[in-house]
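Q: Sharing a structure below in structure tokens format, with a few things to ask.
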Amino acid sequence: MNKYYETICEVKKKIKQYLDTIFQVSGDELLLELEHYNLLSNKNNCIETSTAIGFLLEEYVTSKLSIYTSKFKNEPNEVVITKLANDNSTLNSSYDCYAKYKNILFLINIKVQKNTSHNYAVAAINILYNDYVVEDPDQEKAYLILKTHYSFNDSPTDGERKIAINKTECYALEEVDFSEGHMQDHRNWSEEFNPNSGRLQISPKWLETYKLDENKISYSRTKKYLKDIYDSNT
């Protein structure tokens, strides 16, 4: 295994362990409460079918990871995760938090997915390209997608309706072989259509089918893949 990928695997394992520990503290379930009222108590609530839960969970995961790992500042074999500053909004970034470990800058994209949905979006191609290829090109980087799968259940401990954490997973963009092409959606935020505003899509099937040989995994290769994707849309 090459050293670069070895470090990626090490960090993937660590941050997944951190997140699993965070969720285990609350029994792998979360109570969504406002002024002591469980917002999910009525099964006909409007929250479960909205995008609100996704935003709330992403903020929760990002903040908790930052707080949890802050205690590792003097431990070189642990990963300290930093939340993006307010002036660097995640709306203009392809990642939510980051970490520097063994001279590699890890860009970490926090994702949540309801068990009944199929959302495989990673990030807008133009923003991902800027963060990974254009910004500080001499800094070796790695891009991690940390995903939490959830559902809604009546808690077996107290009967309260809660967000149930079903599983967490983590994979690296560098593990994907894009030499055969890529998948994307066609979201657009400007008056003139820009294909690079579309979000890169990586489904579990795509990840399995186009798994890059670990000996070929490198920052430079993924940087070239993203440049090729960006250029092909231009």
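Q: Please report the antiparallel percentage of DSSP beta bridges with both residues in the chain, rounded to the nearest 5.
A: On the way: 27 of 37 bridges.
Antiparallel bridges: around 75 percent, rounded to the nearest 5.
Q: Moving on. Is it possible to state the helix-based mean residue ellipticity at 222 nm for the chain, with each DSSP H run of 4+ residues giving -39500 (n - 2.57), the sum divided by total residues, to the nearest 500 deg cm²/dmol? What is it? Intermediate values should be presented prior to the final figure.
A: Working: 5 runs with 66 residues, N = 234.
Using -39500 (n - 2.57) per qualifying helix, the result is -9000 deg cm²/dmol.
Q: In whole percent, how big is the carbon plus sulfur part of the accessible area of segment 73-204, probe 1.4 Å, protein atoms only?
A: Working: 2890 of 6600 Å².
Answer for segment 73-204 is 44 percent, counting heavy atoms of protein chains only.
Q: Could I ask something else about it? Name the residues whose placed amide hydrogens come within less than 5 Å of the amide hydrogen of residue 96, ignoring near sequence neighbours (fewer than 5 apart) on the same chain.
A: 108, 109, 110
Q: Now for a different question. Please report the antiparallel percentage of the DSSP beta bridges confined to segment 32-165, to the nearest 5.
A: On the way: 14 of 24 bridges.
Given both bridge residues lie in segment 32-165, the antiparallel proportion sits at roughly 60 percent.
Q: Right, something else. For segment 122-196, what is the Kirkwood hydrodynamic radius in Å, using each pair of distinct C-alpha atoms? Don't jump to the answer; show the numbers that get you there.
A: Values: mean 1/r = 0.0622 Å⁻¹.
After inverting the mean inverse Cα-Cα distance, the result is 16.1 Å.
Q: Same structure again: What number in nm² do you get for segment 78-234 if you take the convex hull of its Cα atoms and divide its surface by four?
A: On the way: hull surface 47.9 nm².
Seen from a random direction, the Cα hull of segment 78-234 projects 12.0 nm² on average.
Q: Also: How many angstrom lie between the Cα centre of segment 133-198 and the Cα centre of segment 1-77?
A: So the separation of the two Cα centres works out to 14 Å.
Q: Still on this structure, I have one more. Stretch residue 75-residue 116 to full length: gain in nm at 0.36 nm per residue minus the Cα-Cα span?
A: Values: separation 41, 0.36 × 41 = 14.76 nm, distance 3.93 nm.
Length gained, residue 75 through residue 116: 10.8 nm.
Q: For segment 53-139, state what percent of all Cα-Cα pairs lands in each successive 5 Å bin, counting from 0 Å until the bin that includes the largest distance.
A: 3, 13, 20, 24, 19, 14, 6, 1, 0
Q: While we're here: Whats the longest run of the chain with zero trypsin sites (Lys or Arg not before Pro) that are DSSP loop and have at most 12 other Cβ atoms within 10 Å? All intermediate terms of the calculation are to be shown ahead of the outcome.
A: Numbers: sites that count: 43, 73, 187.
That would be 74-186.
Q: At 1.4 Å probe radius, can you tell me the per residue accessible area of the chain in Å²?
A: Details: 12720 Å² over 234 residues.
Heavy-atom SASA per residue in the chain reads 54 Å².
Q: Same structure, new question: If I take the Cα coordinates of segment 180-234 and project them onto the principal axes, what are the three extents in Å, biggest first?
A: Largest to smallest, the principal-axis extents are 43, 24, 15 Å.
Q: Sticking with this one: Sorted from largest down, what three extents in whole angstroms do the Cα atoms of segment 1-129 have along their principal axes?
A: Dimensions of segment 1-129 along the principal axes of its Cα atoms: 51, 36, 32 Å.
Q: Something else about it: Residue 42 to residue 154: extension gain in nm, 0.36 nm per residue of separation minus the Cα-Cα distance?
A: Details: separation 112, 0.36 × 112 = 40.32 nm, distance 1.11 nm.
Full extension from residue 42 to residue 154 adds 39.2 nm.
Q: Which of the GluC sites (Glu not before Pro) found in segment 1-75 are loop residues per DSSP with 12 or fewer other Cβ atoms within 10 Å of their Cβ?
A: Details: sites: 6, 10, 29, 33, 35, 48, 58, 59; in loops: 35, 48.
Of the GluC sites (Glu not before Pro), the ones in loops of segment 1-75 whose Cβ has at most 12 other Cβ atoms within 10 Å are 35.
The values are calculated or read from the model by the stated rules, or taken from the named source; none is laboratory data. Being a predicted model, the structure only gives us computed values, none of them experimental. Every residue, glycine among them, receives a Cβ derived from its backbone with ideal geometry; neighbour counts consider all protein chains shown. Heavy atoms of the whole protein, side chains included, go into the accessibility calculation; ligands, DNA and RNA do not. Shrake-Rupley method; radii C 1.70, N 1.55, O 1.52, S 1.80 Å.
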